[in-house]
Amino acid sequence: MSFSIEPSLKLYKFLTIVAGLLMLLPLPIMQYVGEEGLMAIKSYEMFVRGDLMHPSILGIIWPHSPLWHWPVIGISTLIGWEHIDIAIRLVSVIASWLSACVVAFSANWIFKDKPQAGWLGALIYLSMGEVAFWYGWLGYLDATFGLFLFSSIIILWRAIANENLKWFFISLLFVSLAFLTKNITAYVLFGLVGFVVLWRHKCWHILKSPLFLLMGITALSLPLLWQTFVVPPQANTATTTVNDVLRNFVGYGMLDYLKHWTTYPLLFALRALPVSLFIIWLWLRRKHQFHLDHNLTTLILIILVCLLPFWISAHASPRYLVPFYGLIALLLTGLTLQLNPQHLRQGITLIALFILLKIPYSVVVLPYIKDWRPERDVKVVAEEVMKLTENAPLRSQNDVSTGLAIAAYIDIWRQDRPPVTWYRNKERGVYILTEVEAPSLGQLIKTWRLRGDYVYLYWKAD
């Protein structure tokens, strides 16, 4: 008996809903992954300090944008701060769901003559490897930043194509939200896309419109106003962003650049599987001849101009690409809509099977890789630290992911006490967590091997 799926609007809706719901699976299962402990600390400290504008890490104010932390604080207050690990991930899942809605909305606009385009686009987006299996649910700000930046780009395209002030205003609102979520790179990418779309639609005369110019200049003034009135003195969000960018260019040899230039677009396509690889396979095997109309060509150019700043570097992280998977989903939707019935059936079957893989991946594979193997259990170490320190003050000089995860758990397990803060080499009668051996800090109480790092607990006597 052969297994077969017949593509239909009803099936697209069903698979989209299933894919969206399965994104919730890892939320209560996984311990903190990577930077999640850092994100939890920033949100909790903002709440404890009663300061919603200035994130802090171990008591030190950082010039980071605060918007992402506001829904985390709201959800954590609602479900309990002991579940902040779920709250930070739920913000990402909701952002991914909303991004899928934007894909559907955009697909209906771009492919007006295809009534199934919207649901197919949302399905392709939510089934993408990078979205479904990693950054779409992980408690980082990438999914939320991606939602706002992707929305601003696609709405800007529509605003210019239709020469519509309302859509332009909405696009500026979304790019401003993207800035408040992460940094000023949102405006750079927004501007690059704007020039591509102006060129493609031959709408340069829009730049002469006083209202368009006034609205654009007003939106671009937000970073300056934010720096002047919100960012603490002697801190600079632009400097932080520039330093982050330079780290991807400085200190690398030509071989590093060549390797990155070769592999980065391939990595982009690979992480958009399964549909991306299926379309590439059909094209390489000459199983199907694809046609690029004006909209699909514009979409490809938008993707290329967004990819370019990261592609030309030597070491840009794949996470920088998260905002552009919505654009890739639209491109893949346009190409999938051209498939013959047999290939379309194969593509949808592949998506369905890929979605089902999320169940064993979330329940067994990922927890085993991250948490269940020896020397991986952060919660056990955090519990030991609490038992060893009892009621004495706890400080930290451990800012790697494992140390921050330990501090994040301890903060919410003893909410009746102040959060763990950075040790400034002055206090006595305190315990101190470090990532390296530091005999000058006092008596070594215990050492743990944890996720490839070492964690040291010292006692600084009176």
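The values are calculated or read from the model by the stated rules, or taken from the named source; none is laboratory data. Since the structure is predicted, the reported quantities are computational estimates derived from the model, not experimental observations. Glycine also receives a Cβ, built like all others from the backbone with ideal geometry; neighbour counts cover every protein chain displayed.
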Original post:
So which of Ile79, Ile86 ends up being under 20 Å from the mean Cα position of the chain (by Cα) and either closer than 23 Å to Phe133 by Cβ or at pLDDT 95 or above (or both)?
Top reply: Ile86
**OP:** Output the qualifying pairs, or none if there are none: Cβ atoms under 9 angstrom, residues six or more apart or on different chains, first residue in the stretch 359-379 and within 17 Å of Gly37 (Cβ to Cβ), second residue outside any loop (DSSP other than H, G, I, E, B) and of a type in the set (Asp, Glu).
**Re:** Asp377/Asp371; Val378/Asp371; Lys379/Asp371
**OP:** Six or more apart or on different chains, Cβ under 6 Å: which pairs go from a residue in the stretch 386-400 that's under 15 Å from Asp411 (Cβ atoms) and in contact (Cβ under 8 Å) with a residue 60 or more places away in the chain to one that's assigned to a strand (DSSP E or B) and of a type in the set (Phe, Trp, Tyr)? Could you list them?
**Re:** Thr389/Tyr431
**OP:** Please give the helices (runs of 4 or more DSSP H) falling wholly within the stretch 195-304 in which 2 or more residues are over 20 Å from Leu149 (Cβ atoms) and at pLDDT below 90.
**Re:** 222-229, 237-246
**OP:** Sort through Val131, Val102 and tell me the only one that's closer than 19 Å to Lys358 by Cβ and hydrophobic (A, V, I, L, M, F, W, C).
**Re:** Val131
**OP:** Looking at (1) in the same structural domain as Leu330 (by TED's automatic domain parsing); (2) buried (at least 17 other Cβ atoms within 10 Å of the Cβ); (3) touching a residue at least 24 places away in the same chain (Cβ under 8 Å); (4) not in a loop (DSSP other than H, G, I, E, B), find the lone condition where Leu67 falls short.
**Re:** (4)
**OP:** May I ask you to list the residues in the stretch 438-455 that are in a strand (DSSP E or B), surrounded by 14 or more Cβ atoms within 10 Å (Cβ to Cβ), within 35 Å of the chain's Cα centre (by Cα) and touching a residue at least 40 places away in the same chain (Cβ under 8 Å)?
**Re:** Trp448, Leu450, Asp453, Val455
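Being touching a Pro at 6+ places or on another chain (Cβ under 6 Å), within 23 Å of Leu123 (Cα to Cα) and either assigned by TED's automatic domain parsing to the domain that holds Gly118 or at pLDDT below 95 (or both) narrows it down to one residue among Leu332, Leu344; which is it? Explain how you work it out, then say what you get.
Values: Leu332 fails: touching a Pro at 6+ places or on another chain (Cβ under 6 Å).
The conditions single out Leu344.
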Subject >> Residues of the stretch 237-268 classified as small (Gly, Ala, Ser), without any contact (Cβ under 8 Å) to a residue 24 or more places away in the chain and surrounded by 13 or more Cβ atoms within 10 Å (Cβ to Cβ), total >> reply: 0
